[in-house]
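I have placed the structure first, in the form of structure tokens, so that the comments after it can refer back to it.
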Amino acid sequence: MKKLLAATAALLFALPSARADWAVDLNTAGAIGSDPNQSAYFFQNNTVGTGTGVIDPFLTVDQSQTPGIYGYNNDQATPDNPYATFGGDRTHLIQLTAIPVASLNGVDYREFLLDANQLNSDPAISLVSLQLYTSDTQRTDLADIRANGTLVYDLDATGGGGDGTVTIHTDLQQGSGNSDAFFYIKNSLFTSGDPYVYLYAQFSNNNDGFEEFSVSKTGGPLGPPNPPPPPPGVPAPPSLALALSGLVGAGFAWLRRCRRPQAATV
């Protein structure tokens, strides 16, 4: 019984690191969210102008792709990235030095912008995969990037949770050309020293036009659009925590009963 109690208590105290699925829904003006570890922050943008004169688009993918809209940045079209040259120079290689650094809660993050396009009748689009890699050389094939590059961030892993989803609502930002969302990846994750950065993204519920990632070309960050909140704690899943705490309590009650002195027999 003591071993069972010890194992249960250890599991209970380990709960904050449990990998539960998580989601950020930027469904209101000024909405802010983060992954469980605050490795990435996501901001709805309705305050910062981001026209073509101040941004450099580096990944543009089109909604006509099948089976899902996805893409990654490079300088050459390949079979698994047919829209690598979509819009002329709107998909291209990018170096880490071109990605601005912004401070959030005193911590440095790299700033990226996302401009999405959706029908007014169905304005929500979800980012279901986001991976960032660095590489010491230029690569054009996604399999090569994943095999030989250094994974910096994965929406479904690095953030400390399970499968991650970020939903953007395009009706909160008027017109194409103004970024719907800012997102920030913790600068300390870029540890390899490699110069080239590759971003892979996949969306669901896309229904109109293209989705475009960009960075500021002003020499500094354009945001964040709003001050981020202080980092929250990561609570244990409530139902499991309550169940285990009840089990631990019952176990200690059983031990107390076992230790009570027994009445002497005559």
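The values are calculated or read from the model by the stated rules, or taken from the named source; none is laboratory data. These numbers come from a predicted model, not from an experiment. Methodologically, a virtual Cβ is constructed for each residue, glycine included, from the backbone with ideal geometry; neighbour enumeration extends over all protein chains shown.
Data table
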quantity: Criterion violated by residue 122 - all others in (1) among the charged types (D, E, K, R); (2) surrounded by fewer than 17 Cβ atoms within 10 Å (Cβ to Cβ); (3) within 23 Å of residue 99 (Cβ to Cβ) satisfied; calculated: (3)
quantity: Subset of segment 99-144 [of a type in the set (Gly, Ala, Ser) and touching a strand residue (DSSP E or B) at 6+ places or on another chain (Cβ under 6 Å)]; calculated: 102, 116, 124, 126, 129, 135
quantity: Qualifying residues in segment 220-231 (those that are surrounded by fewer than 17 Cβ atoms within 10 Å (Cβ to Cβ) and in contact (Cβ under 8 Å) with a residue 40 or more places away in the chain) - the one farthest from the chain's Cα centre (by Cα); calculated: 220
quantity: Residue 55 out of contact with any Ser or Thr (no Cβ under 8 Å at 6 or more places or on another chain), of a type in the set (Val, Ile, Thr) and at pLDDT 90 or above; calculated: no
quantity: So residue 214, is it of a type in the set (Ser, Thr, Tyr), closer than 24 Å to residue 27 by Cβ and assigned to a loop (DSSP other than H, G, I, E, B); calculated: no
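For every residue, the table says whether it meets (1) surrounded by fewer than 16 Cβ atoms within 10 Å (Cβ to Cβ); (2) in a strand (DSSP E or B); (3) in contact with a Lys or Arg (Cβ under 7 Å, 6 or more places away or on another chain); (4) in the same structural domain as residue 58 (by TED's automatic domain parsing).
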site	(1), (2), (3), (4)
92	no, no, no, yes
109	no, yes, yes, yes
131	no, yes, no, yes
138	yes, no, no, yes
143	yes, no, no, yes
168	no, yes, no, yes
